[in-house]
Structure formats: structure tokens, C-alpha cells
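Please treat every number below as a calculation from the coordinates, not as lab data. None of the values given here were measured: they were computed from a predicted structure. Positions of Cβ are backbone-derived with ideal geometry, glycine not excepted, and every protein chain shown enters the neighbour counts.
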Amino acid sequence: MLIVGSLRLELYLSESESLKDRRRILKSIMDRLRNKFRVAVADLSEQPKWRYAEIGVSCVSNSEAHARDILQNVLRFVEGNLYGEVVCYDIEVY
């Protein structure tokens with residue numbers, strides 16, 4: 001059975017002073033997530049504001065529990081990030 005997990009994160013980027021800073025910070029976070037957790041990551045922000053961002057993370061597994069564990073680990077990693085804070089999040093597993 002194929003299980004797909006998704007995580008939507010809304011972030012407040014306290015270190016961002018411009019759209020250029022926002023892009024740099026988001027690129028760093030997204031690259032680190034891809035490399036550390038082997039997940040797919042995308043910027044979901046409709047209209048970029050330099051202090052706010054929304055990213056989506058997805059993973060595929062053969063176990064619902066494993067997919068949830070991956071996404072929970074991603075969430076904890078982002079929450080421990082020095083560049084910003086998680087405003088809200090949503091995890092779904094299909």
C-alpha cells in the first residue's frame with residue numbers, strides 16, 4: 001500500500017528584512033529539509049510578504065505511522081530553526 005503524507009507550514013520569518021532575505025532564508029530551510037529528510041518541499045506562498053511564508057512538504061511511505069513520523073520530525077526541525085517560527089501547521093496522511 002502506498003501512503004502519502006503532507007505537511008503545510010505557515011512561518012513567520014523574524015530575520016527577514018526584504019524579499020531577498022525571505023528568498024535566501026526559505027531556500028536554506030527548504031534545501032536543508034530536502035537533504036536531511038529526503039522529502040519534497042515547495043513554497044506555497046501566493047503573494048510573497050517578506051516576513052511570512054507558507055511551505056508544503058510531502059513524503060511517500062508504505063506505512064501511515066512512518067509517514068507521520070517523518071512529517072513530525074520535519075516539523076520539529078523547522079520549529080528549532082533560528083530563522084523563524086511556525087505560526088500554524090497541518091499534517092495529513094492519505
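Figures for the structure shown
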{"quantity": "Residue satisfying all of: in the range 40-94; under 22 Å from Asp21 (Cβ atoms) and small (Gly, Ala, Ser); surrounded by the most Cβ atoms within 10 Å (Cβ to Cβ) among these", "calculated": "Ala53"}
{"quantity": "Check on Glu15, charged (D, E, K, R) and either touching a Phe, Trp or Tyr at 6+ places or on another chain (Cβ under 6 Å) or under 14 Å from Glu85 (Cα atoms) (or both)", "calculated": "yes"}
{"quantity": "Unmet requirement for Val78, which otherwise passes all of (1) without any contact (Cβ under 8 Å) to a residue 12 or more places away in the chain; (2) assigned to a helix (DSSP H, G or I)", "calculated": "(1)"}
{"quantity": "Tally of residues being in contact with a helix residue (DSSP H, G or I) (Cβ under 6 Å, 6 or more places away or on another chain) and not in a strand (DSSP E or B) across the range 1-15", "calculated": "1"}
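A quick yes/no check of all residues on (1) touching a residue at least 40 places away in the same chain (Cβ under 8 Å); (2) not in a strand (DSSP E or B):
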residue	(1), (2)
Glu17	no, yes
Arg22	no, yes
Leu26	no, yes
Asp31	no, yes
Ser45	no, yes
Val57	yes, no
Ala67	yes, yes
Val74	yes, yes
